[in-house]
C-alpha cells in the first residue's frame, strides 16, 4: 500500500488597501467606439468597405467616455495597474514581471470624481501619416478611488504607494500621457488630508 503524504499549502498573505489618486493634469479618455470595433472586425473578416460616414463630433465625444455602472463616468482599473507596473522601471528592487502578480486593482472601472468631461478636438496622424480630427472627452479636475488586493509577502503597502506615485509622475493614464510623450493623465496618491476632503 502506498504511503499517504500530507502536504501543507502555505496560505497566501493577501491584504487589502484603498488608494485615492488625484489628477495633476487633465485626463483624456479614449474608449474604443462600437463603430471602430465594427470596422476592425469587418476588416479581419474581409468584408467590403462601405462609404465613410460623416463625422459626428458629439457622438465621437460621447463614445470616448466610459459609463460607470453606478452613474457618472469611469476609467479602466487595469490602466492604473499597468501604470504602476510600468513604474517599476523607476524603482530599485521591484521587477515588472514580479509586480504584475503581486497586486491587483479590483474591479473593471474606477469611478471618476470631479468635473464633468468637456469635448476636446485634436489633430492626429493615422495610418501612413494621414491627418485626422479626433473628438474625445477630457476631465480637467479628477480623482479615483482604487481598491487593491496585494501579497504582503511580495510587496509592502509603502512600496505600492511609491509605485503609484512614480506611475502618476512618469507613466500616467489615458491619451497623451507621459509614457507616450505627453503630459496628460498625471496623478499622485492623495495624502490622508486630501483623501477625506
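Derivation of every value follows stated rules applied to the coordinates shown; laboratory data play no part. The structure presented is a predicted model; accordingly, all values stated were derived computationally and were not measured.
Give me the angle, in degrees from 0 to 90, between the Cα long axis of helix 34-44 and the longest principal axis of the Cα atoms of the chain, rounded to the nearest 10.
Tilt of helix 34-44: around 90 degrees.
Over the chain, what relative contact order in percent results from Cα pairs under 8 Å that are six or more residues apart?
With pairs under 8 Å counted, the relative contact order is 34 percent.
Report the convex hull volume per residue for the chain, counting only C-alpha atoms, in Å³.
Roughly 210 Å³ of hull volume per residue.
Using alpha carbons only, what's the Rg to Rh ratio of the stretch 88-190 with Rh from Kirkwood?
My calculation of the ratio gives 1.04.
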